[in-house]
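The structure appears below as structure tokens.
The values are calculated or read from the model by the stated rules, or taken from the named source; none is laboratory data. Fair warning: this is a prediction, and the values are worked out from it, not measured in the lab. Here the Cβ is made from the backbone with ideal geometry for all residues, glycine too, and neighbour counts use every protein chain on show. What goes into the accessible areas is simple: the full protein's heavy atoms, side chains included, and nothing from ligands, DNA or RNA. Shrake-Rupley method; radii C 1.70, N 1.55, O 1.52, S 1.80 Å.
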Amino acid sequence: MGPGSRVTLSHVVRFDKTVLLAAIKRMLNFNAPPLKNTAAEPVWKVLIYDRFGQDIISPLLSVKELRDMGITLHLLLHSDRDPIPDVPAIYFVMPTEENIDRICQDLRNQLYESYYLNFISAISRSKLEDIASAALAANAVSQVTKVFDQYLNFITLEDDMFILCHQNKELISYHAINRADIQDTDMEAIMDTIVDSLFCFFVTLGAVPIIRCPRGNAAEMVAVKLDKKLRENLRDARNSLFTGDNMAAGQFSFQRPLFILADRNVDMATPLHHTWTYQALIHDVLDFHLNRVMMEEGAGAEPSPAGARPKKKSRKTYDLTAADKFWQKHKGSPFPEVAESVQEELDAYRAQEDEVKRLKSIMGLEGEDEGAISMLSDNTAKLTSAVSSLPELLEKKRLIDLHTNVATAVLDHIKSRKLDVYFEYEEKLMSKSTLDKSLLDIISDPDAGTPEDKMRLFLIFYITAQQAPSESDLEQYKKALVDASCDLSPLTYIKQWKAFTKMAATPANYGNSGVKPMGLFSRVMNTGSQFVMEGVKHLVLKQHVTEVLTLFFSVFQETDDYRYFDPKMLRGSESSIPRNKNPFQEAIVFVVGGGNYIEYQNLVDYAKSKQGKKVVYGCSELFNAAQFIKQLSQLGQK
């Protein structure tokens, strides 16, 4: 059994989607490098995955791309599958007891011609023996062609962002790590799960990182375990995943990545914050998972005839991918700019469409098909080029429609919940600016936001307050929150958390942010715009510095607050390890306990300002404020 399709990176160790994509493509080509000659017909095969495998592949490859690689069918391992005896099957699953049993059953039932078994994480010796016994009993030993450990147990969402899992994420959630009644053995198991995925990440990257972390929290536990796991693997020269082919150019030929671990507890306000950038807003107010938005389409304005059943709302899904240039350009932009740009794109598209129609009518060709048009003489060159750009135009139209629908849905939330008011007020709280209205007024305003919005705002106030409110003030706030139908259990937990961390003031660096209100939307409000922005503030973002970014900066000031691990160095006391003084080219910032798109965007903006440096953001799970507050609520009820 060989280590799987790890990508060999001989001199550069930059992480982006292509690293994982190359590994997946290699696996889908029976663990051989994909042929450059695309004219050759691919070998037709079926792909069998579990939910974990599905989550890893779906943000990277569309159904069409899978088909181009010869995948005619992709099926879940635990679904009812018919035998296809003359086709090879590629499995991509976690090495769990349940999955192994099902693979053994497939062998007994002789479902496929041959079996290429790829395990997302390393399979244990005993489970491997179970498969061997089943293959022997089913007389199918020769059909089990290859068994591979792929070390791909993480999900890449962007070129500079990855998460550990989407399935079973509650097992490594903030709630799981911070439960008051957690046993040591449970904590060990959670840390092992996180470390297993991070180990896979570095194996796929083909690099041994230098690890830094603050002391005294879950991030430190992960760092210690990851250092140990990397060390053990490097010491086992025969089976090391970081030597030989993968490290062809040796350890001096490239810069090693810096891996910085942070704990969610360093900043509890940012995950609750109402946001103002496009991607983070979509994640906050819509159903957005693994780069896919699920939306309910309206049932239509016309009422159903009397007595008829109301029309069922259809659910529509949109994929927001790297191929979508508008998305790539604007996902980090403030929402008003996005609305403006969608409108501009729409106007430009209409102008192009009108030009094609105008040329057609001049030529008297309205009814003609494209073939007839292209056969006309030179003076129709203009029209021919306009028509040949039609496929491109249609794709443009599809993307404009997509963003019009998504942005309109986001805008509906902003207007109905007054999210601009929340965003601006929270920014002022977090940057200790002067407040223009009282917190009680917003909590008591029945038109401003949902009970959850009010709770988020109050928690941010409580977390960032230099001094906790007096008992009598707190009672007054609690009464207003209860009157607004808020659940107070998240506050119960945050009070305990604040007492425990003694972080009376979240370090002063919540400041340096803030927003400049620009009056109401200006250009967007021209008539004929899809987006009626009346009453919504045009807020322009200033550079915001989140705690995670602050921690990132602190690592570079030589202080003893951050531990230093270099798995390549022989064991010595931490202080005696020679420090790698090279300036970093790639840093990976990872938040144990969950992350969000606000922090991601913050790091992206920072990296943009630093030429030649790459910063990757990772987190154990990606949650929005609603999911986070639910976890706080569960902790508060304990």
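Some values worked out for this structure:
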{"read-out": "Nearest-0.05 FRET efficiency for Val482 and Thr408, computed from C-beta distance (R0 41 Å)", "value": "0.75"}
{"read-out": "Accessible area of the range 17-152 divided out per residue, in Å², using a probe of 1.4 angstrom", "value": "47 Å²"}
{"read-out": "Amide hydrogen neighbours beyond the local backbone of Leu77, cut-off 5 Å, H modeled", "value": "Tyr49, Asp50"}
{"read-out": "Leading residue at positive end of dipole, the range 119-207 (Cβ point charges), from Ser124, Val147, Leu198", "value": "Val147"}
{"read-out": "Accessible area of the range 17-152 belonging to carbon and sulfur atoms, whole % at 1.4 Å probe", "value": "53 percent"}
{"read-out": "Trypsin sites (Lys or Arg not before Pro) within the range 440-506, DSSP loop, no more than 11 other Cβ atoms inside 10 Å", "value": "Lys502"}
{"read-out": "The range 86-196: relative contact order in percent, alpha carbon pairs under 8 Å with at least 6 residues between", "value": "23 percent"}
{"read-out": "Whole-Å distance, taken between Cα centres, linking the range 68-85 and the range 93-152", "value": "16 Å"}
{"read-out": "Cα-only Debye scattering, the range 94-236: base-10 log of I(q)/I(0) at q = 0.09, 0.19 Å⁻¹", "value": "-0.37, -1.17"}
{"read-out": "Cβ crowding within 10 Å averaged over residues, with 470-476, 188-194, 263-269 ranked highest first", "value": "263-269, 188-194, 470-476"}
{"read-out": "Assigned charges on the beta-carbon of Lys, Arg, Asp, Glu; the range 419-505 dipole about Cα centre (debye)", "value": "540 debye"}
{"read-out": "Rg and Dmax of the range 419-505, Cα atoms only, in Å", "value": "12.4, 35"}
{"read-out": "Candidate aspartates and glutamates - alpha carbon under 14 Å from Lys357, same-chain residues fewer than 8 apart omitted", "value": "Glu366, Glu368, Asp369, Glu370"}
